[in-house]
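See structure below.
The values are calculated or read from the model by the stated rules, or taken from the named source; none is laboratory data. Predicted model, so just to flag it, every value in this text is computed and none were measured. Note that we place each Cβ from the backbone using ideal geometry, even for glycine, and neighbour counts take in every protein chain shown. Side chains are part of the model used for accessible areas, which takes the heavy atoms of the whole protein and leaves out ligands, DNA and RNA. Shrake-Rupley method; radii C 1.70, N 1.55, O 1.52, S 1.80 Å.
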Amino acid sequence: MQTISIIIPNYNGAEWLALCLESIRQHVTMPHEVIVVDNGSTDSSLRLCLKHEVKLVSLPENRGFPAACNFGLRLSSGDALMLLNNDTRLTAGALDNLMRCLYSGGDVGIVGPMTNYASGKQQLEEPFTSIADMASRMNRPDSGKWRQTERIVGLCFLFKRELMERIGELDERFSPGHFEDDDYCYRARQAGYRLLIAGDAFIYHEGSASFRLENEQKIKALLATNRQKFIDKWGVDPQSFI
């Protein structure tokens, strides 16, 4: 049976992280490890992690999302690797269906769920009711709901270790965050892998919780800067894949 490493970058997100860790405890039945990489939080995040069975990497300062993910990836031991935002919550059956999707073919590189808050094709079209209701309706195994796509949003990013061994870690030029997930998807596709959205997996997402602590102007500027970095690197606009 495959094992999975769940890597959660965190920055002053104790209230969300508590719910995320609890959702993993409740709904993950397969062999797994949880790695929290804390980006110099000043809230109760570290105390919270010490109460849970997690591997904890405590960085002295905020190194940004891509770097935090990379610290976690280096520590990981799983066959499958999941980068998970701290403001998400796993639901009953979602991870099992995501794993089935990931291992449905040798050329499947990255898979992601449907969610209530995301850009692009992973955003639910139907109105959100409650986490339990969405999960009970959506998380019934159904490979007919898997769709090939050009990008997976980094809020819940599940891939095989062999993919990382082939294409490497996240590109830290995109720190503190945004478009590092698009970059990873592009590199996976360049290496011949397919990306799939598992329509039979719902994961709840609070939505840009860490970045909401920043002001809107700063976020807009960061998005513009990192979009340009992607264009400079690849000669293509990442917006064309949304």
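Summary of values
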{"quantity": "The range 16-60: number of residues that are acidic (Asp, Glu) and at pLDDT below 95", "calculated": "1"}
{"quantity": "Matching option when the condition is among the acidic types (Asp, Glu) and in contact with a Gly (Cβ under 8 Å, 6 or more places away or on another chain), among ASP133, ASP107, ASP79", "calculated": "ASP107"}
{"quantity": "Selection from the range 58-75 of residues that are open to solvent by 10 Å² or more (accessible area, probe 1.4 Å) and closer than 24 Å to ARG166 by Cβ", "calculated": "PHE65, PHE71, ARG74, LEU75"}
{"quantity": "Search result, residues across the range 76-94 that are open to solvent by 20 Å² or more (accessible area, probe 1.4 Å) and closer than 13 Å to ILE8 by Cα", "calculated": "ASN85, ARG89"}
{"quantity": "Criterion violated by MET164 - all others in (1) surrounded by fewer than 22 Cβ atoms within 10 Å (Cβ to Cβ); (2) hydrophobic (A, V, I, L, M, F, W, C); (3) over 16 Å from the mean Cα position of the chain (by Cα) satisfied", "calculated": "(3)"}
{"quantity": "Residue count for the range 32-73, restricted to those that are closer than 18 Å to PHE174 by Cβ and of a type in the set (Lys, Arg)", "calculated": "1"}
{"quantity": "Verdict on PHE179 being open to solvent by less than 50 Å² (accessible area, probe 1.4 Å) and either in contact (Cβ under 8 Å) with a residue 60 or more places away in the chain or touching a Cys at 6+ places or on another chain (Cβ under 9 Å) (or both)", "calculated": "no"}
{"quantity": "Entirely in the range 1-113, the helices (runs of 4 or more DSSP H) that have 1 or more residues that are touching a helix residue (DSSP H, G or I) at 6+ places or on another chain (Cβ under 6 Å)", "calculated": "14-27, 45-51, 65-75"}
{"quantity": "Within the range 123-242, strands (runs of 3 or more DSSP E) holding 1 or more residues that are in contact with a strand residue (DSSP E or B) (Cβ under 7 Å, 6 or more places away or on another chain) and farther than 20 Å from ALA67 by Cα", "calculated": "146-149, 194-205"}
